[in-house]
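Right, one structure below, let's go through it.
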Amino acid sequence: MAALGDGADWIWAGYAQHLPHRVEILDFYHVRERLAEVATAMFGNGAADRIAAKQWRESQEKELLEWRPRRALEELEGWGAQTAAAQRYERINCATLGISGSG
């Protein structure tokens, strides 16, 4: 059973209570938000920094959209930004599930 969510702890806790054998999936909209936060933390908030951050974020989004989450996850791992939900993208057959939002 797949459980799609926005990454909020209370959502995962609710799924855990009712779906003990679920696979948690962080929806793409919220993945993009998290990538933007990480990009700002990595590159800063100056004008040139924002350009570099945007380029990095867009490259990570492209990797995910092309079903290559391992590269994006390895990049995030270097910055300590992986979550258990994000790691599970690697184990999901995304070709059958597609990318979606949770809300």
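Summary of values
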{"item": "Selection within segment 3-35 - surrounded by 15 or more Cβ atoms within 10 Å (Cβ to Cβ) and small (G, A, S)", "result": "A3, G5, G7"}
{"item": "Every pair of residues 6+ apart whose Cβ atoms lie under 8 Å, when the first sits in segment 1-21 and is of a type outside the set (A, V, I, L, M, F, W, C) and at pLDDT below 90 while the second is surrounded by 13 or more Cβ atoms within 10 Å (Cβ to Cβ) and part of a loop (DSSP other than H, G, I, E, B)", "result": "G5/D27; G5/S102; D6/D27; D6/S102; G7/T83"}
{"item": "Filter result for E75 (at pLDDT below 80 and not hydroxyl-bearing (S, T, Y))", "result": "yes"}
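The values are calculated or read from the model by the stated rules, or taken from the named source; none is laboratory data. The structure displayed is predicted, hence computed values, not measured ones. All Cβ positions, glycine included, derive from the backbone under ideal geometry; neighbour counts span all protein chains shown.
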